[in-house]
């Protein structure tokens with residue numbers, strides 16, 4: 001009976017030993033990030049080299065995270081972006097054998113200086129001993145001077161549907177709004193106290209810039 005059992009166990013052991021998932025890099029690092037660039041990210045690629053054609057279901061999770069209080073981590077994979085993922089919360093995804101998956105990992109800095117380090121682990125659901133980890137470590141430049149704040153006020157903030165910007169002068173200005181991944185969602189020329197309708201926008205954090213003060217950004221929270 002023992003010899004028969006070993007015949008069944010050995011193929012399984014061999015299969016799980018040679019099945020592999022691998023990131024193309026272990027660590028991504030940049031100690032020279034300009035904190036005025038509100039979004040910073042890098043990409044790593046995960047390959048499924050498994051010998052088992054059914055080994056296609058995986059999970060990723062943040063296993064360690066250190067960051068300034070106001071930074072917001074975002075992880076994008078399989079066409080889905082997760083903002084502020086909690087440590088040790090598992091997110092499933094499918095990766096067929098022989099294919100690659102892009103992991104875009106980064107922070108919204110909100111002009112706050114500091115250092116951030118995050119490690120993300122990917123694990124096979126079928127063979128939990130098979131896993132790989134990628135780490136991103138960045139630091140903002142210490143000698144960057146924060147741009148002087150322009151004379152304008154946003155109200156209300158947080159905003160549910162409409163908000164206005166009060167400028168120090170009555171001249172018109174062009175504003176630009178971005179989501180937390182840096183995608184431009186609005187560009188408009190307007191006058192002081194003119195209402196801006198963002199009812200159709202999804203809830204979350206947006207960044208507003210005034211063209212003449214391109215180095216300064218203001219955070220808007222959409223309820």
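The values are calculated or read from the model by the stated rules, or taken from the named source; none is laboratory data. Since the structure is predicted, the reported quantities are computational estimates derived from the model, not experimental observations. Glycine gets a Cβ as well: all are built from the backbone with ideal geometry, and neighbour counts include every protein chain shown.
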From the list 49, 54, which one is in contact with a strand residue (DSSP E or B) (Cβ under 8 Å, 6 or more places away or on another chain), surrounded by fewer than 17 Cβ atoms within 10 Å (Cβ to Cβ) and farther than 24 Å from residue 88 by Cβ?
49
When residue 142 is evaluated against the numbered criteria (1) closer than 25 Å to residue 32 by Cα; (2) at pLDDT 85 or above, which criterion, by number, is the only one it fails?
(2)
If we keep just the residues of segment 2-34 that are surrounded by 16 or more Cβ atoms within 10 Å (Cβ to Cβ) and within 16 Å of the chain's Cα centre (by Cα), which is modelled with the lowest pLDDT?
33
Listed by first then second residue, the pairs whose first member lies in segment 78-90 and is assigned by TED's automatic domain parsing to the domain that holds residue 122, whose partner is assigned to a loop (DSSP other than H, G, I, E, B), with beta carbons under 7 Å and at least 6 positions apart or on separate chains, are 81/181; 83/180
Can you name the residue in segment 194-221 that is modelled with pLDDT of 90 or more and surrounded by fewer than 17 Cβ atoms within 10 Å (Cβ to Cβ) and is also farthest from the chain's Cα centre (by Cα) among such residues?
194
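Does residue 99 satisfy being out of contact with any strand residue (DSSP E or B) (no Cβ under 8 Å at 6 or more places or on another chain) and either within 17 Å of residue 29 (Cα to Cα) or surrounded by fewer than 17 Cβ atoms within 10 Å (Cβ to Cβ) (or both)? Talk me through it step by step, then tell me what you get.
Working: out of contact with any strand residue (DSSP E or B) (no Cβ under 8 Å at 6 or more places or on another chain): no; either within 17 Å of residue 29 (Cα to Cα) or surrounded by fewer than 17 Cβ atoms within 10 Å (Cβ to Cβ) (or both): yes.
No.
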Can you find a residue in segment 112-121 that is over 21 Å from residue 40 (Cβ atoms) and surrounded by fewer than 20 Cβ atoms within 10 Å (Cβ to Cβ)?
yes
Selected residue (criterion: surrounded by the most Cβ atoms within 10 Å (Cβ to Cβ)) from residues of segment 153-186 that are free of Cβ contacts under 8 Å to residues at least 40 places away in the same chain and closer than 26 Å to residue 80 by Cβ:
179
Got a sec? Which of 207, 196 is in contact (Cβ under 8 Å) with a residue 24 or more places away in the chain, farther than 25 Å from residue 43 by Cβ and assigned to a strand (DSSP E or B)?
196
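Residue-by-condition table, conditions (1) part of a strand (DSSP E or B); (2) closer than 20 Å to residue 83 by Cβ:
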| residue | (1), (2) |
| --- | --- |
| 102 | yes, yes |
| 107 | yes, yes |
| 110 | no, yes |
| 117 | yes, yes |
| 122 | yes, yes |
| 129 | no, no |
| 138 | yes, yes |
